[in-house]
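This report concerns only the one structure given below.
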Amino acid sequence: MKKNLLLAVAGILAAQIATAQTQKGTQTLGGYLSFMHNSSDNSDAYSGQSSLQKNSITSFDLGPAYSVFLADKLELGGNFNFNSQTNKVTYTGVNPYNNFNQVSTSFGASVSLLKYFMYDKIGFRMGPRVGYSRGTTKINYSNQPNPVKTNNDNFNAGAKIDLVYYPSKSLGLAASLASLSYSRSKMRNADNASSSSSAEGFNTYLFTSNLTISAFYVFGNK
């Protein structure tokens with residue numbers, strides 16, 4: 001009887017703490033780290049080659065983040081970020097192809113509006129986000145002596161879902177589960193400002209290929 005009463009009291013206290021951490025007026029301050037790696041072989045049905053192009057992409061993001069709860073379980077957040085990405089493409093087969101190694105770096109910021117669904121200290125958050133970044137890209141081609149450099153502007157928007165856990169009253173942890181995003185980029189040749197191009201597309205990510213982990217300090221709650 002006494003044991004059951006203690007468990008009930010502990011459960012009530014834990015629920016109150018979780019409610020306080022996501023109630024209106026609560027603020028968070030922390031940072032995040034994101035890592036992504038994808039590799040693929042692209043075949044050519046006309047030539048019969050099974051792996052004419054091998055593509056390997058490695059990317060990481062990091063930066064500070066801040067948020068405030070506009071209402072209970074509704075969070076408005078923003079972050080600044082630094083991104084570095086390496087894309088290595090190798091061609092095989094009977095024809096001579098142009099292998100290249102691409103390195104991109106950028107700085108940017110994003111804003112999100114997330115709804116929380118909590119069960120005790122653990123739960124989910126999901127919602128839309130928009131972001132903008134500016135950076136540079138350098139491509140080293142195997143058959144060219146000098147690299148090609150471009151300046152890039154990127155706009156992206158989409159939605160995401162994260163797993164959230166509060167190990168203590170003042171500490172929160174989150175990990176990405178999935179995201180969907182649309183991006184549009186404009187590239188300008190660094191050596192020829194009049195030469196420009198653009199690209200756009202949709203991307204989907206799961207935690208198995210693009211993992212984002214964040215930790216944040218919770219304050220301002222009663």
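The values are calculated or read from the model by the stated rules, or taken from the named source; none is laboratory data. Here the structure is a predicted model, which means the values were calculated and not measured. Every residue, glycine among them, receives a Cβ derived from its backbone with ideal geometry; neighbour counts consider all protein chains shown.
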Does Ser84 meet the test of being hydroxyl-bearing (Ser, Thr, Tyr), modelled with pLDDT of 85 or more and surrounded by fewer than 18 Cβ atoms within 10 Å (Cβ to Cβ)? yes
Looking only at residues that are touching a strand residue (DSSP E or B) at 6+ places or on another chain (Cβ under 8 Å) and of a type in the set (Ser, Thr, Tyr) in the range 104-127, which one is surrounded by the fewest Cβ atoms within 10 Å (Cβ to Cβ)? Thr105
Restricting the range 174-206 to residues that are under 17 Å from the mean Cα position of the chain (by Cα) and crowded, with 16+ Cβ neighbours inside 10 Å, the residue that is modelled with the lowest pLDDT: Tyr205
List every residue pair whose Cβ atoms sit under 6 Å apart, with the two residues 6 or more apart in sequence or on different chains, where the first one lies in the range 118-144 and is farther than 16 Å from Asn79 by Cα and the second, anywhere, is among the acidic types (Asp, Glu). Arg125/Asp162
Test result for Lys160, more than 17 Å from Leu114 (Cα to Cα) and of a type in the set (D, E, K, R): no
